[in-house]
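Report on the following structure.
The values are calculated or read from the model by the stated rules, or taken from the named source; none is laboratory data. Model, not experiment: these values are computed from the prediction. Note: ideal-geometry Cβ built from the backbone for every residue, glycine included; neighbour counts use all protein chains shown.
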Amino acid sequence: MPRHVLVVSGSTRAGSTNSAFCATAAAAPPVGVTVRAYDGLTRLPHFNPDDEGRHDAVAELRAAIAAADAVVFCTPEYAGTIPGALKNLLEWTVGATVFDGKRVAWVRVAPDARRGDGAAATLATVLGYVQARVIDAACGHVPIGRQLVGPDGQVSDPATRAAVTAAVAAVLG
Ligand SMILES: Cc1cc2nc3c(=O)[nH]c(=O)nc-3n(C[C@H](O)[C@H](O)[C@H](O)COP(=O)(O)O)c2cc1C
């Protein structure tokens, strides 16, 4: 049975380099692996504990995570941390057990590898809180400059595509 990885972009921007990582991963998965790029970030309502069980988009999110053997995050850093939209996504998982023991990693795509420490620290905190299993060896860097993102939202550069594929494979160990 093929293994399955969910890739989650923290960016809502058209032409996003982080979303390009995810779209490219879905289009160029490792052998024996299926990859889905989560596309529901902007459909999620603002987190409200009173709304438990009320939103299809939340149920879809939790089902997508539960169906995956591993989840890879690729997010910009905003104001020293992750974007609010991604924090909102993660808050919808706190009351569920979908991340319990789940393999997770995050990949940086900013061309300057020194950027994104704040986003990485937040992911470590929140994913630790939901008891995900962080695969440190898979938390890597695949530089994707904006010029590499094509009109289809993917990266066509062969070396970068290979690096994206390898980054996804790494989270499965
Ligand atoms: C509101 C805002 C805040 C940002 N804050 C940071 C930051 O704190 N640290 C950083 O390295 N980059 C910061 N950036 C730059 C983005 O992280 C960077 O442009 C990123 O590559 C965008 O990813 P995307 O192409 O997926 O949208 C910020 C950008 C915006 C728009």
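Some values worked out for this structure:
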{"quantity": "Residues satisfying the stated conditions in the stretch 109-152, i.e. at pLDDT below 95 and of a type in the set (Gly, Ala, Ser)", "calculated": "Ala113"}
{"quantity": "Test set (1) surrounded by 13 or more Cβ atoms within 10 Å (Cβ to Cβ); (2) over 17 Å from Gly10 (Cα atoms); (3) not β-branched (Val, Ile, Thr) - Leu89 fails condition number", "calculated": "(2)"}
{"quantity": "Any chance Thr12 is surrounded by fewer than 17 Cβ atoms within 10 Å (Cβ to Cβ), touching a Pro at 6+ places or on another chain (Cβ under 9 Å) and among the polar types (S, T, N, Q)", "calculated": "yes"}
{"quantity": "Any hit, the stretch 113-129, residues being hydroxyl-bearing (Ser, Thr, Tyr), within 21 Å of Ala85 (Cβ to Cβ) and touching a strand residue (DSSP E or B) at 6+ places or on another chain (Cβ under 7 Å)", "calculated": "yes"}
{"quantity": "Condition met for Ala96 (part of a loop (DSSP other than H, G, I, E, B) and more than 8 Å from the ligand (Cβ to nearest atom))", "calculated": "yes"}
{"quantity": "The stretch 161-173 residues that are at positive phi, paired with ones that are surrounded by 21 or more Cβ atoms within 10 Å (Cβ to Cβ) (beta carbon under 7 Å, 6 or more apart)", "calculated": "none"}
{"quantity": "The listed residue being closer than 20 Å to Gly128 by Cβ and of a type in the set (Val, Ile, Thr), out of Val72, Val58", "calculated": "Val72"}
{"quantity": "Residues being surrounded by fewer than 12 Cβ atoms within 10 Å (Cβ to Cβ) and among the acidic types (Asp, Glu) - total across the stretch 118-160", "calculated": "2"}
{"quantity": "Which listed residue, of Ala28, Ala23, is within 18 Å of Gly150 (Cα to Cα), of a type in the set (A, V, I, L, M, F, W, C), within 16 Å of the ligand (Cβ to nearest atom) and surrounded by 15 or more Cβ atoms within 10 Å (Cβ to Cβ)", "calculated": "Ala23"}
{"quantity": "Selection within the stretch 101-136 - in a loop (DSSP other than H, G, I, E, B), free of Cβ contacts under 8 Å to residues at least 60 places away in the same chain, more than 16 Å from the ligand (Cβ to nearest atom) and aliphatic (A, V, I, L, M)", "calculated": "Val130"}
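Residue-by-condition table, conditions (1) hydrophobic (A, V, I, L, M, F, W, C); (2) out of contact with any strand residue (DSSP E or B) (no Cβ under 8 Å at 6 or more places or on another chain); (3) in contact (Cβ under 8 Å) with a residue 12 or more places away in the chain:
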position: Ala66; (1), (2), (3): yes, yes, yes
position: Val72; (1), (2), (3): yes, no, yes
position: Gly84; (1), (2), (3): no, no, no
position: Ala138; (1), (2), (3): yes, no, yes
position: Gly145; (1), (2), (3): no, yes, yes
position: Asp152; (1), (2), (3): no, yes, yes
